[in-house]
1. Give the accessible surface of segment 128-231 per residue, rounded to a whole number of Å², with probe radius 1.4 Å and ligands, DNA and RNA excluded.
2. On the accessible surface of segment 63-213, probed at 1.4 Å, how many percent belong to carbon and sulfur atoms?
3. Accessible area, 1.4 Å probe, largest first: how do Asp74, Asp30, Asp37 sort?
4. Normalising by the residue count of the chain, find the relative contact order in percent from Cα pairs under 8 Å and 6+ residues apart.
5. How much accessible area per residue does segment 1-91 have, counting only protein heavy atoms and a probe of 1.4 Å, in square angstrom?
6. In what order, largest first, do Met201, Met1, Met81 sit by accessible area if the probe radius is 1.4 Å?
7. Restricting attention to the alpha-carbon atoms of the chain, what are Rg (one decimal) and Dmax (integer), both in Å?
8. Which one of Thr185, Ser100, Ser171 has its Cα pushed farthest toward the positive end of the charge dipole of the chain, where Lys and Arg give +1 and Asp and Glu give -1 at the Cβ?
Amino acid sequence: MLVAVIGLGTFGAKTAVGLFEKGAEVIAIDKNDELVDKIKDRTTHAVSLDVTDERSLRSVNISDVDTAVVAIGDNIQMSIMAVTMLRKLGVGRVIARATSKLHEHVLHEIGASEIIKVEEEMGEIVASKIIAPHVLQRYNFAAGYSIVELKLGKKFEGKTLVESKIRQNYSLNIVALQKKVPYITEDGKSAYRMEINDCPMPMDIIESDDIVVLVGSEKNFNKLFADLEDA
């Protein structure tokens, strides 16, 4: 997958590096030479150019990207112009960051495929961490449903998946287990590596340090979270 990330502030830079680390080819773009220089070794290609200049965008073959992310947040006019130019040049999927309701509305009107509301989403993440501190990651994939990574801790330590009765009691499905496995390095030192079991079996045992990946409804997760707090 070839992705262009436009705007290399904190959000844009994190997005570009994250995509690159996950195997995507990433073109990182900003008009600030310093920001481009900071990220050039952690993306496929980093370039300093003005995204409102059609000739400059054509020079990096922007029409060939599968997805473009407009991460500009501090300059609404520039954000709008960037989305307009990308749509003009035939980029099929344009994901844009919105910093206000008006900004979001305009981005929709000019053809942005998807809108990211960073401030709102971060607020939800912070609220979730306060309510459920044992949750490591949470991904909402449909209204009222999530994939959650968490540590179940002492309450389920030493139990098999069958004995945990998570499916029966909470109507949640365990789809993966990540375990901390000890090993000896080449120089004879003790170390740990993380191993993911993406097809857990009923007799697999849950350890206190395991990261468990669950899928289900918000209502059922809240029931589990309440029981974990009481444990």
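The values are calculated or read from the model by the stated rules, or taken from the named source; none is laboratory data. Since the structure is predicted, the reported quantities are computational estimates derived from the model, not experimental observations. Note: ideal-geometry Cβ built from the backbone for every residue, glycine included; neighbour counts use all protein chains shown. Remember, those area values only see protein heavy atoms, side chains included, never the ligands or the DNA or RNA. Shrake-Rupley method; radii C 1.70, N 1.55, O 1.52, S 1.80 Å.
1. Numbers: 6580 Å² over 104 residues.
Heavy-atom accessible area per residue stands at 63 Å².
2. On the way: 4900 of 9000 Å².
Carbon with sulfur: 54 percent of the solvent-accessible area.
3. Details: Asp74 145, Asp30 25, Asp37 85 Å².
In descending accessible area the options line up as Asp74, Asp37, Asp30.
4. Value for the chain: 13 percent.
5. Details: 4700 Å² over 91 residues.
That works out to 52 Å² per residue.
6. Greatest to least solvent exposure: Met1, Met201, Met81.
7. 21.9, 63
8. Sorting the options by dipole projection puts first Ser171.
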